[in-house]
Amino acid sequence: MTPRSAQSKRGDQLRVADMEHSAALIDEVRVMGRDRFLSERTLQDAVIRRFEVLGEAAGHVSKRTREAFPRIEWTRMHGFASFAKHEYWRVDLERVWAAIEVMPALRRALAQVRLDHRRGD
């Protein structure tokens, strides 16, 4: 585990990189297809875990970045991560699949955030 002091030093670039990584892994499942996702519990758990990482990172991205990219649903992603962790028994796999289907668009948006941050360095 990472000490809290190291966690607090994770800036937007690292958090967005974490989000991109999770979105890419989730997108691999999208390519596998809905039927496979709905039939494999380990795949469902892996995807939900990646959504938790995605949402937790989204919740810690700075206000400046969130405001610069308002089309990304930062708050909604963070809310789902919290919901999945604390009310895991209520997670609806059809809604998870719907979120999986938007991964290509989210990946494009996150890539834009990353490029914007690189220009700012």
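The values are calculated or read from the model by the stated rules, or taken from the named source; none is laboratory data. Every value quoted in this text rests on a predicted model; they were computed, and no experiment measured them. So basically every Cβ, Gly included, is an ideal-geometry build from the backbone, and we count neighbours across all protein chains shown.
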**OP:** Please identify the pairs in which a residue from the range 101-118 that is surrounded by 15 or more Cβ atoms within 10 Å (Cβ to Cβ) has its Cβ atom under 9 Å from the Cβ atom of a residue that is among the hydroxyl-bearing types (Ser, Thr, Tyr), counting only partners at least 6 apart or on another chain.
**Re:** 113/65; 117/65
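Would you check which residues across the range 21-39 are more than 15 Å from residue 53 (Cβ to Cβ) and either touching a residue at least 60 places away in the same chain (Cβ under 8 Å) or not polar (S, T, N, Q) (or both) and list them?
Here is the first cut: in the range 21-39, the residues more than 15 Å from residue 53 (Cβ to Cβ) are 30-39.
30, 31, 32, 33, 34, 35, 36, 37, 38, listed by residue number.
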**OP:** Output the residues belonging to the range 22-65 that are more than 15 Å from the chain's Cα centre (by Cα), exposed (fewer than 14 other Cβ atoms within 10 Å of the Cβ) and of a type outside the set (Gly, Ala, Ser).
**Re:** 31, 32, 35, 36, 41, 42, 63, 64
Original post:
Quick one: how many residues across the range 1-23 are more than 19 Å from residue 84 (Cβ to Cβ), modelled with pLDDT of 95 or more and out of contact with any His (no Cβ under 9 Å at 6 or more places or on another chain)?
Top reply: 3
Original post:
Taking the range 66-95 as the search range and keeping residues that are within 12 Å of the chain's Cα centre (by Cα) and among the β-branched types (Val, Ile, Thr), which one is surrounded by the most Cβ atoms within 10 Å (Cβ to Cβ)?
Top reply: 72
Original post:
Quick check: anything in the range 111-120 within 24 Å of residue 34 (Cβ to Cβ), under 16 Å from the mean Cα position of the chain (by Cα) and part of a helix (DSSP H, G or I)?
Top reply: no
Original post:
Which pairs do you get when a residue that is farther than 16 Å from residue 46 by Cα, found in the range 73-97, comes within reach of a residue that is among the hydrophobic types (A, V, I, L, M, F, W, C) and assigned to a helix (DSSP H, G or I), reach meaning Cβ atoms under 7 angstrom, with the pair 6+ apart or on two chains?
Top reply: 74/58; 77/54; 77/58; 78/58
